[in-house]
Amino acid sequence: MTEHNIIMAKEEDRDEILSLYKAQLGREFCAWDEDYPSNETIDYDFSRDALFVLKEDGIIKAAISIEEDPSVDELPCWNQGIVPSCELARLAVLPTEQNRGLARVMLSFGMEELKRRGYKGTHFLVNKYNTKAIRSYEVFGFDKVGECRLYDQDFLCYEKAF
């Protein structure tokens with residue numbers, strides 16, 4: 001397996017991360033818009049040491065965040081037996097780098113980082129109709145534990161104990 005350089009994002013990565021986020025707009029099932037994620041989102045992630053990037057040849061090819069979002073964390077579907085649990089969010093891969101397994105690499109890294117931080121599990125939302133993403137998550141053995149409607153979209157709720 002290829003060794004990937006995944007590091008905590010730095011201020012000098014901001015413009016490239018924002019560009020990566022904007023490259024997702026208009027992609028099928030993307031819940032993001034012109035206002036989200038934003039510089040404020042990046043500031044929030046920086047303030048919590050919660051934004052990580054995968055760099056190859058000096059280029060950011062993917063990013064993932066450890067999220068704190070009460071509207072997601074308070075959904076009733078999450079298993080209270082794996083508390084504390086934390087959301088992985090804002091997983092983005094450059095469109096030119098899709099289908100190389102980088103999303104899975106980032107998810108694996110995110111789960112390991114959550115374990116290092118003392119969490120017992122992870123959870124996240126995925127657009128109900130995003131079959132490509134859902135197939136990726138099945139590889140990791142995530143459990144589908146519910147459905148919800150947030151941010152004007154229908155989501156499936158997935159979680160996994162560590």
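The values are calculated or read from the model by the stated rules, or taken from the named source; none is laboratory data. As the structure is a prediction and not an experimental result, all values here were calculated from the model. Positions of Cβ are generated from backbone atoms using ideal geometry, with glycine treated the same way; all protein chains shown enter the neighbour counts.
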Do you know which residues across the stretch 37-77 are of a type in the set (D, E, K, R) and free of Cβ contacts under 8 Å to residues at least 12 places away in the same chain? E40, D43, D57, E74
If K120 passes every condition in (1) modelled with pLDDT of 95 or more; (2) surrounded by 14 or more Cβ atoms within 10 Å (Cβ to Cβ); (3) within 16 Å of the chain's Cα centre (by Cα); (4) among the charged types (D, E, K, R) but one, which one does it miss? (3)
Can you list residue pairs whose Cβ atoms sit under 9 Å apart, with the first residue in the stretch 87-113 being farther than 10 Å from I64 by Cβ and modelled with pLDDT of 95 or more and the second being part of a helix (DSSP H, G or I) and not small (G, A, S)? Count only pairs 6 or more apart in sequence or on different chains. E87/V72; E87/D73; L94/L20; L94/L102
Kindly provide the set of residues from the stretch 69-82 that are more than 18 Å from the chain's Cα centre (by Cα) and surrounded by 12 or more Cβ atoms within 10 Å (Cβ to Cβ), ordered by number. C77, N79, I82
Which one of the conditions (1) within 14 Å of the chain's Cα centre (by Cα); (2) among the aliphatic types (A, V, I, L, M); (3) closer than 28 Å to R135 by Cβ does A23 fail to meet, given that it meets all the rest? (1)
Restricting attention to the stretch 10-38, which residues are in a strand (DSSP E or B) and over 12 Å from R90 (Cα atoms)? D33
